[in-house]
Amino acid sequence: MLAAMPDSAPSPLSAGGTSSRDGGDACPGTLRLHRADDGALARVRIPGGVLSADRAGALLAVAGRFGDGELHLTSRGNVQLRGLDAECGGGPAELLGAAGLLPSAAHERARNMVASPLAGLDGSPSVGGWLSELDSLVCGSAAAAALSGRFLFALDSGRGDVDALGADVTLIAEDGDCLVRVGAADEVFRLPSADGPRAALLAAELFLRAARDSGAWRVKDLPDDVRTALVRAVGATAGPVAHRPRPRTAKAPAPGPVTAPDNSTPATTTTTVTAISVGVPLGRLAPAQWRLLTETARRYGNELRLTPWRGIVIPGPFEPPGSSTRSGRSGRSGQPGRAAEALDALAAAGLITGPDSPWTGVGACIGHPGCAKSLSDVRAEAGAAVGPVGRLPVYWSGCERRCGHPHGEWIDVVVTPEGHRISHVRGEHRDPRTVVRNDPAALASAVSGARA
C-alpha cells in the first residue's frame, strides 16, 4: 500500500490567491483567458478527453454565445474556444460550471489528463475508473492547485499510445496491475491497480516540493540530480521497480470503425464494432460538425472521447454482438451497418473517416491572423499543400515555438524569416533542414516528398 502523504499547507491558489509560481505560467484556462489577435481564448480542460453528449452541447453553446462558434481540439485532448468577446466576463465559466465542466475553480488548469482513447473498446482494459478517481483526488488536493497548466498526467491502457506522449506522471495498465512512470524515466514501479491514482497524485505533490528551488513547471525541467531524486522518492512509496523504456512513437487511433473480439460467440476470430473514430482536419470544428458529432454520440453510447491527436472516438455499441464483420462496414446480410452509416454522415460533413483522406496526419498551429507571433497563415498553407497521404505526419508551425507539435516521428514545417524550414524529426534527432522560399508549388512538393 502507498505511504500516507504528509499534511500540506493549503495552496494560496486554493484560497483564491495567487501562487508565487503562477506569474510565469501563461497557460490559459476558463477563468484565466488568453488575449489573442482574434479575441480572447479559453482552454477548457477535459480530463481523459471524455465528454457526455450534454457537456459537448454546453461547449457548443458557450462557443456560439460568447465566441466565434468554432471549437478547436488541442494536443492534450482539451477544447479551446476562440474569438471570445472582451466583455464576456465570467459568462463562459458560469455556463461551463453549470454543465459540470468546472468542478474546482482552484484546480481548473491542473486537470491536464490524457487517456488511451480506445481503452475498453479494442480489447485493452478500461482506464475510466483511474480517470474519475484521479480527477477527484487532484481537485481535492490543496497542494495540487499549484500545478502549472503544463503539467500532464497520462493514463495508458497498455497500448503505449499516451505513454509515448512524455507526460509528467504516467499510469500504465499491465496484467491487472498498475505501472507508474515519472517523467521519461526508464524505470517504472508496479502497484496494485487500485493504488494507481493515489500514486499519481503523490508523484505530482512530490514534484511540487522538488520544484520549489528550481521553479520548474514540468518534471523534464528539473535539474538532473533533482529529477533522479524525485523518481527515487516516488519509488520508495511504491512497489517493485522494472526497466521499461517509454515508447518513442505515439500512434493515433485509425479513422474508421473500432473493433474488438466478440466474446458473445464461441469463435474468437469474430469481432464486433465497439466505436467509430474520426479525425478532425487541423483540429478545427465548425458548429454543424460538432453538433453532428454530439447527435451521433447521443444516438449510440452518449459519449465522445477527444484524442491527443485532434480526433474523436465515439463509443457504441454500434452493432449487436455477432452482427458485424471484421471491417465494420456492413452488418447482417451484407447490408450497411449503423457504424458505416454514421461514418458516411461524418465524412459528408468533412471529417476524416478513413486512412485514404488527404488530411490524414496533417496538423498545424493556429497561425496568422489568430496569433500575433505567427509569420504566416499556416493553416491555409497546409490546406494548399495537401496531397497524397504520406507515410509520416506533418505539422506546420507559424514560428519557432511550434505550439502543439506532435511527439515521436514527423515532418516539421516551420515558418522563419528566411522561408519555410522542413525537417524530419525522430524523437530528439532532427535531420538536415531544407528551406523553401516563397514558392507554394515547391513547398507542396517538398513537404509531400518529405512525408513519403
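The values are calculated or read from the model by the stated rules, or taken from the named source; none is laboratory data. Model, not experiment: these values are computed from the prediction. With ideal geometry, Cβ positions are generated from the backbone for all residues, glycine too; neighbour counts draw on all protein chains shown. Surface accessibility is based on the protein's heavy atoms, side chains included, excluding ligands, DNA and RNA. Shrake-Rupley method; radii C 1.70, N 1.55, O 1.52, S 1.80 Å.
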Could you rank the peptides 140-148, 225-233, 437-445 by their average count of other C-beta atoms within 10 Å per residue, with the highest value first? 140-148, 225-233, 437-445
Report the normalised scattering of segment 58-104 as log10 I(q)/I(0) at q = 0.13, 0.19, 0.29, 0.31 Å⁻¹, calculated by the Debye formula with identical scatterers on the alpha carbons. -0.27, -0.58, -1.15, -1.20
Work out the length of the dipole vector of segment 182-300 about its Cα centre, built from +1 on the beta-carbon of each Lys and Arg and -1 on the beta-carbon of each Asp and Glu, and round it to the nearest 20 debye. 280
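What net charge is computed for the residues neighbouring G49, neighbours being all others with C-beta under 14 Å from the C-beta of G49, Lys and Arg scored +1, Asp and Glu -1?
Computed value for this residue: +3.
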Counting only other residues whose beta carbon sits under 12 Å from that of V394, what net charge do I get with K and R as +1, D and E as -1? -1
J(HN,Hα) series, segment 374-387, from Karplus relation 6.51 cos²θ - 1.76 cosθ + 1.60, nearest Hz, glycine and proline x: 6, 8, 7, 7, 5, 5, 5, 5, 4, x, 5, 9, 4, x
Phi-based couplings in Hz for segment 233-250 (Karplus 6.51, -1.76, 1.60; Gly and Pro marked x): 5, 5, x, 5, 9, 9, x, x, 8, 9, 8, 8, x, 5, x, 8, 10, 9
Students often get this wrong: which residues of segment 39-70 have the backbone nitrogen under 20 Å from the point 7 angstrom along Cα-to-C-beta of D85? 39-43, 58-70
Arranged from highest to lowest average of other beta-carbon atoms within 10 Å per residue, in what order do the peptides 245-256, 306-317, 64-75 appear? 306-317, 64-75, 245-256
How far is it, in nm, from the label point at R150 to the one at R430 when both lie 7 Å from their Cα along the line to the Cβ? 1.7
Which of the following values of mean projected area of the Cα convex hull in nm² was calculated from the structure shown: (i) 22.1; (ii) 19.0; (iii) 20.4? (i)
On the formula 1/(1 + (r/R0)^6), with r taken between the Cβ atoms of D177 and E341 and R0 of 41 Å, the FRET efficiency rounded to 0.05 is 0.55
In the chain the accessible area split gives carbon plus sulfur, as whole percent at 1.4 Å, a share of 52
Quick one: Cα centre-to-centre distance for segment 52-101 and segment 173-212, in angstrom? 32
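Once the Cβ-Cβ distance between A229 and R421 is put in as r, and R0 is 45 Å, what FRET efficiency do you end up with, to the nearest 0.05?
Details: r = 38 Å, r/R0 = 0.85.
Once the sixth-power term is evaluated, E becomes 0.75.
Using a simple charge model, +1 on the beta-carbon of Lys and Arg, -1 on the beta-carbon of Asp and Glu, nothing else, what dipole does the chain show about its Cα centre, in debye to the nearest 20?
The dipole of the chain has a size of about 420 debye.
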FRET efficiency for R401 and A98, using Cβ-Cβ distance with R0 set to 30 Å, rounded to 0.05: 0.30
Within segment 36-183: Cβ-based charge dipole about Cα centre, in debye rounded to nearest 20 (Lys, Arg +1; Asp, Glu -1): 220
Considering only C-alpha atoms, what is the centroid distance from segment 214-287 to segment 288-303, in Å? 25
Average accessible area per residue (Å²) across the chain - probe 1.4 Å, nucleic acids and ligands excluded: 42
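Quick check: residue separation of N438 and L31 times 0.36 nm, minus the Cα distance between them. What number comes out in nm?
Values: separation 407, 0.36 × 407 = 146.52 nm, distance 4.06 nm.
Gain on stretching N438 to L31: 142.5 nm.
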Could you tell me which residue out of H72, L60, A106 lies farthest along the dipole of segment 41-115 toward its positive end? Charges go on the beta carbon: Lys and Arg +1, Asp and Glu -1, centred on the Cα centre. A106
